[in-house]
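The next block holds one structure in the form of structure tokens; read it before the comments.
Laboratory data are not the source of any read-out in this text; all were calculated from the coordinates shown. All figures in this text were calculated on a predicted structure; none of them were measured in a lab. Positions of Cβ are backbone-derived with ideal geometry, glycine not excepted, and every protein chain shown enters the neighbour counts.
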Amino acid sequence: MGGALTWNRVPCVLLPGAGASHDGEDSMKIMTIYAHPADTITNCGGTLARHAARGDQIVALILSHGGRIHANKYAEEWRKENPDGDIATAGLDDIVANKKGELERAAEIIGIGEIITLDHEDTYATVNEEVVEEIAERIALEQPEIVICDHPRNPAYFDPHSVATQMALAALSRAGTYLRNLDGRDDVPVRQVFLSGLPVYNLDGLSLGGVRNDCYVDITEVVGTKLAAMDQFVSQGYHGVFARKLVESFNGEAGRAAGVNFAEAYVRLYNETYSHLPVTEAALATDPLTRHITYSSVNLRGQYPVP
């Protein structure tokens, strides 16, 4: 059961080296669907980097333009005694263009082959049927095997992330019912949906009533790639120290649960069927007595200093 994601209902972990290159005939297409430009990188940038390295196709669908979300660069300029006129008076088009430039540079570092931005306002609060249809049409055009989006119970207070996921899941359902007779296109056979951003890292299925991530991807080998991509989002203060803090805390805690230095955690939407009981290579190779030492071996800020 090789490849960059190991799909098991036990918490699964990808071992380093399992994401080896393979020819294009065997490659998968992965589509991410997130609310804002930086979300794809912060949530699953390491996973995508591993998939890109082995030759999988990656397309990122961003629902909003991101002009108003985390506009730190522009808000902070007004706090200065002598603000830079170009920054302080930038219009929405200028802010959006800058954010898209950051996203393009980050995507190139990760290996994302295509970026699609729908350019909706990033302050939406409810599901919009027209946006659902837009997403469904994009899914139908791209025909991904795998979709990645936020967990619908993302705990953010103001949460367009959860709304984005509700629209993405509704669009997946809609795309799955397309019929050439009626719609001029075939249905879309998405095989699995991975939901990111659930901050529940308990170590077994009985803790906390069973609410947990059930799949972990080891991103230790590509954590520097993820940091380099995050360093592009200067306008929203996601670069430098913050990038390292986020990876240390968020991906470090996921790594602790997974028994590796750094991981990205997911909940799979669909159940999966096996011919035998699934146990990953990582589970068989782990020494429970010493794994806490092994997964604490990377000095992140020493190895990847703030640029």
- Query: Which ³J(HN,Hα) values in Hz, rounded to whole numbers, follow from the phi angles of region 52-60 under the Karplus curve 6.51 cos²θ - 1.76 cosθ + 1.60, where θ = phi - 60° and Gly and Pro get x?
  - Reply: 4, 5, 9, x, 6, 7, 10, 10, 10
- Item | Theoretical ellipticity at 222 nm over the chain - DSSP helices of four or more residues, -39500 (n - 2.57) apiece, nearest 500 | -10000 deg cm²/dmol
- Item | Ranked Val241, Val260, Val96, criterion: other C-beta atoms within 10 Å, fewest first | Val241, Val96, Val260
- Förster radius 45 Å - calculated FRET efficiency between Trp78 and Glu114 (Cβ-Cβ, nearest 0.05): 0.80
- Just going by the charge dipole of region 37-92, with Lys and Arg at +1 and Asp and Glu at -1 on Cβ, which of Ala60, Asn72, Ile87 is farthest out on the positive end? Ala60
- Go from 0 up to the bin containing the longest alpha carbon distance in region 53-185, width 10 Å each, and give me the % of pairs per bin. 11, 33, 34, 16, 5, 1, 0
- What list of ³J(HN,Hα) couplings, whole Hz, do you get for region 173-183 from phi and the Karplus terms 6.51, -1.76, 1.60, once you set θ to phi - 60° and write x for glycine and proline? 4, 5, 5, x, 10, 4, 9, 4, 4, 9, 10
- Query: Just how large is the dipole of region 12-303 about the Cα centre, in debye to the nearest 20, putting +1 at every Lys and Arg Cβ and -1 at every Asp and Glu Cβ?
  - Reply: 860 debye
- Message: Could you sort the peptides 201-214, 43-56 by per-residue average Cβ neighbour count (10 Å cutoff), highest mean leading?
- Response: 43-56, 201-214
- Nearest 0.05, what FRET efficiency do Leu206 and Gln143 give at R0 = 45 Å with Cβ-Cβ as r? 0.70
- Can you give the % of DSSP beta bridges in the chain that are antiparallel, to the nearest 5? 25 percent
- Task: Classify region 208-307 as rounded, prolate or oblate from the Cα gyration tensor: take a ≥ b ≥ c as the square roots of its eigenvalues, call it rounded if a/c is under 1.5, otherwise prolate when a/b beats b/c and oblate if not.
- Result: prolate
- Proximal lysine pairs in the chain, meaning Cα under 19 Å and 8 or more positions apart or interchain, come to 5
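Relative contact order for region 12-303: what is it in percent, counting Cα pairs under 8 Å that are at least 6 residues apart?
Reported as a whole number, the value is 23 percent.
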- Message: For Ile116, what residues show an amide H to amide H distance below 5 Å, using hydrogens built from the backbone and excluding near sequence neighbours?
- Response: Ala60, Leu61, Ile62
- Rough spin-label spacing in nm, given labels placed 7 Å along Cα→Cβ, for Glu253 and Ser296: 1.8 nm
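Using mean Cβ contacts within 10 Å as the protection proxy, how do 288-297, 64-73 order, highest first?
Numbers: 288-297: 11.1, 64-73: 20.2.
Put in order of decreasing packing, that is 64-73, 288-297.
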- Task: Using Cα pairs closer than 8 Å and at least 6 residues apart in sequence, work out the relative contact order for region 183-307, in percent.
- Result: 31 percent
- Query: In terms of the Cα gyration tensor, with a ≥ b ≥ c the square roots of its eigenvalues, is region 12-303 rounded because a/c is under 1.5, prolate because a/b exceeds b/c, or oblate?
  - Reply: oblate
- Query: Using the count of nearby Cβ atoms within 10 Å as a rough guide to exposure, how do Met230, Met28 rank from fewest to most?
  - Reply: Met28, Met230
- Task: Determine the relative contact order of region 122-202: mean sequence separation of Cα pairs under 8 Å and six or more apart, normalised by residue count, in whole percent.
- Result: 40 percent
